[in-house]
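Working notes, beginning with the structure itself.
Derivation of every value follows stated rules applied to the coordinates shown; laboratory data play no part. All values reported here derive from a predicted model rather than from experimental measurement. Methodologically, a virtual Cβ is constructed for each residue, glycine included, from the backbone with ideal geometry; neighbour enumeration extends over all protein chains shown.
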Amino acid sequence: MNPSLQGIGMTSQRTRDRMVNRLIEQGIRSKKVLDVMRNTPRHIFVDEALASRAYEDNPLPIGYNQTISQPYIVARMTELLLNKAGHLSKVLEIGTGCGYQTAILAQLVDHVYSVERILPLQKKAKNHLFELKIKNVSYIHNDGGWGWPEYAPFDGILVSAAPPEIPEALLQQMAMGCVMVIPTGESGRQTLQRVIRSDKGYEVEELELVSFVPFLSGRE
Ligand code: SAH
């Protein structure tokens, strides 16, 4: 890895190892997810002034009133997506943000289709993934409430902003066996949900309480 990607001090491999040890203590079990998070430099996804805090277990600001999700949430959502599905070939992500979750996902599935409504954030994410030479991602600047019908159906959907209810278009774009991980509810009282589509319909599991930025409509 080139030196700026590798990091030093608070952005070094040792700091990433400590983050992964904390994720294990917090209950993350998927070795695949832990390995990818151990090897992906998170500090390049935030402004340089915040780089030394990139591995703390907090969300951090990425501009435009948005935040990079905390490491635990990224790990948990990715694990929830993968552990019911085995191999995933097409995954829809809503809320590219700075692209960190996108980068983790892209190393674990065949292709990620990522939707972001704020154009400058999408541009930043593209640059970060280019720097990491991650190429199996397609990006669109749009309101993720519409999903991405041209590439549907998907076998995984991961949503990083919280709508009041699951958007109908996303349910429709789930293939049989598809797993969707999505926070829903009003700000301050959201629940993480996992939805699995089978021939019997949609099975919904309600998981832990979480705190996400709101899912907004339209584009900026
Ligand atoms: N996984 C991202 C999370 C960023 S915060 C990261 O770790 O950086 C959530 C993101 O969802 C923000 O970038 C926000 O602009 C985006 N978002 C919110 N509502 C959206 C919508 N309807 N469609 C697409 N993106 C949306």
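Show me the ranking of peptides 159-167, 24-32 by mean Cβ neighbours inside 10 Å, starting with the highest.
Ranked by mean Cβ neighbours within 10 Å, highest first: 159-167, 24-32.
Of Asn83, Thr67, Leu50, which is farthest towards the positive pole of the chain's charge dipole, taken about the Cα centre with +1 and -1 on the beta-carbons of Lys, Arg and Asp, Glu respectively?
Most positive-ward Cα: Leu50.
Which length gain, in nm to one decimal place, applies between Ile140 and Asn21 when the Cα-Cα distance is subtracted from 0.36 nm times their residue separation?
39.4 nm
With contacts defined as alpha carbon pairs under 8 Å and 6 or more residues apart, what's the relative contact order of the chain in percent?
Value for the chain: 15 percent.
Keeping to pairs on different chains or 8 or more places apart, tell me how many lysine pairs in the chain have Cα atoms under 28 Å apart.
Qualifying lysine pairs in the chain: 25.
Could you give the nm distance between label points at Ala175 and Lys84, where each point is 7 Å from its Cα heading toward the beta carbon?
1.6
About the Cα centre of the chain, what is the dipole size in debye to 20, counting +1 per Lys and Arg Cβ and -1 per Asp and Glu Cβ, all else neutral?
Once rounded to the nearest 20, the dipole reads 700 debye.
If you rank Thr96, Thr184 by fewest surrounding Cβ atoms within 10 Å, what's the result?
The order, fewest Cβ neighbours first, is Thr184, Thr96.
May I ask which residue of Trp148, Gln172, Leu105 lies farthest towards the positive end of the charge dipole of the range 3-210, with charges of +1 (Lys, Arg) and -1 (Asp, Glu) on Cβ and the Cα centre as origin?
Sorting the options by dipole projection puts first Leu105.
Please give the length that would be gained between Glu165 and Tyr64 if that part of the chain were fully extended, namely 0.36 nm times their separation in residues minus their C-alpha to C-alpha distance (nm, one decimal). Spell out each step's value before the answer.
Values: separation 101, 0.36 × 101 = 36.36 nm, distance 2.35 nm.
Separation in residues times 0.36 nm, less the Cα-Cα distance, equals 34.0 nm.
Can you sort His87, His128 so the residue with the fewest Cβ neighbours within 10 Å comes first?
His87, His128
Quick check for you: which residues of the range 11-49 have the amide N under 14 Å from the point 7 Å beyond the Cα of Asn2 toward its beta carbon?
Inside the label zone: 44.
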